[in-house]
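Q: Just passing along the structure, written as structure tokens.
None of the figures in this text is laboratory data; all of them are computed from the coordinates on show. Keep in mind the model is a prediction, meaning the values are calculated, not measured. Cβ placement follows ideal geometry from the backbone for every residue including glycine, while neighbour counts extend to all protein chains displayed.
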């Protein structure tokens, strides 16, 4: 085929010089009186009477560049992964593309309608039923009632929420929310699908079902998919191109495996203390009844450990109501986000409101191969019927194990990082 006969790729998203600036600290005092008091105090060089005790007043008036000069071109029919550490600017980029917020500088050109799913329940009215929300989302995308009618049964069947489709969605579990929201985004006629780490809430079977649907949407229907995730296995499975963000800038754009390798190199193992008071949470209700305030690797200036060195981890936390006992576990991942395992839950004991608790945990890394890892903290309450999440900070706690004796060869992705004892030959004979 001559070069003249090769069809040109059609760009559907073009981003040029995109910047988004946020102002740190409190925007206002909540009332006109408080704002005037603060302004008068600053004018005289006095302490602000409305600042909470312990607040660092040096942050007042400073700014933060969530995105700092992003240039991108996304083509029709692509499935593009967007990866990077927490705070790299991934969610901000998707919010700008979805027109939820406006850029400080730069230009965004979009050809086609966008269906966004940036968090559980985005665009859903809690008081309306599942069926009503489907029609509302279709109307937002500019579809007629007849067009939504033609898709309705497919959406209901895919969501697996048929028995509850006429129930107000405020009574749905987070998993049901995700199922219905994804089904709506995938089946209504939008040219571009935008997904931000939403599949983490659904069960494993439904996650695979969603990934298969997104692949079909991109490959067969010619629609474009933008997918943000910390799970590198799903990025590998879905995406044909990948973008790595770091500190608000694009540091790589291209091959998926190269992007994952660069992302893994940005893992920070030089942090030994985390302040989690203002950290976001992975589920809507976590951090309300119980709140994890700090996590520290005890006695370390970094989080690099030898295999024979015990990880000592201090947690500081408080509660808003009494508990007879709360449970904690770590969800452990290798640096490429492939899961390694879950620690056995431990009981932190009874607790009463109004007191701060400090707990030191020990973890033996002896079974782990050399490399970089991270874990999520999951604190939950066990009831007679199920487990209820109490707190789950949206933070990866990174550490590194140095152990040349337990180095595992770099097999194909997915084979794990646990060091099993070698097989022992009991006997061998020629028959």
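Q: Give the shape of the range 134-198 as rounded, prolate or oblate, defined through the alpha-carbon gyration tensor: a ≥ b ≥ c are the square roots of its eigenvalues, a/c under 1.5 means rounded, and otherwise the shape is prolate if a/b is larger than b/c and oblate if not.
A: Oblate shape, in that a/c is at least 1.5 and b/c is the bigger or equal ratio.
Q: Considering every pair of different Cα atoms, what Kirkwood radius, in Å, is found for the range 237-291? Each step should come with its number before you reach the end.
A: On the way: mean 1/r = 0.0705 Å⁻¹.
Across the range 237-291, the inverse of the average 1/r is 14.2 Å.
Q: While we're here: If each residue of separation counts as 0.36 nm, what is the full-extension length gain between residue 111 and residue 171 once their alpha-carbon separation is subtracted? Please list the in-between numbers first.
A: On the way: separation 60, 0.36 × 60 = 21.60 nm, distance 3.62 nm.
Extending this stretch completely gives an extra 18.0 nm.
Q: Need one number: nm distance between label points at residue 424 and residue 320, each 7 Å from Cα along Cα→Cβ, rounded to one decimal.
A: 5.5
Q: Right, something else. Taking other Cβ within 10 Å of each residue's Cβ, how do 40, 317 sort, fewest first?
A: 40, 317
Q: For residue 288 paired with residue 147, estimate the spin-label separation in nm (one decimal), with each label point 7 Å from Cα along the Cα-to-Cβ line.
A: Distance between the two pseudo-spin positions: 3.6 nm.
Q: Okay, moving on. Taking only the alpha carbons of the range 136-280, what extent do you get along each of the three principal axes, in Å, biggest first?
A: Over the range 136-280, Cα extents along the principal axes are 54, 38, 28 Å.
Q: Another question, then. How far apart, in nanometres, would the label points at residue 270 and residue 14 be if each is projected 7 angstrom from Cα along the Cα-to-Cβ direction?
A: With each label placed 7 Å out from Cα toward Cβ, I get 4.0 nm.
Q: What translational D, rounded to a whole number of µm²/s, comes out for the range 278-394 from Stokes-Einstein when the hydrodynamic radius is the Kirkwood one over Cα pairs, at 4 °C and 1.567 mPa s?
A: Translational diffusion coefficient: 85 µm²/s.
Q: Right, something else. Using the Kirkwood radius over C-alpha pairs as Rh, can you work out the diffusion coefficient of the range 240-333 via Stokes-Einstein at 20 °C, viscosity 1.002 mPa s, in µm² per second?
A: Numbers: Rh = 16.6 Å.
The Stokes-Einstein estimate is 129 µm²/s.
Q: Here is a further query. When a/c reaches 1.5 or more, the comparison of a/b and b/c decides; with that in mind, is the range 80-136 rounded, prolate or oblate per its Cα gyration tensor?
A: Prolate.
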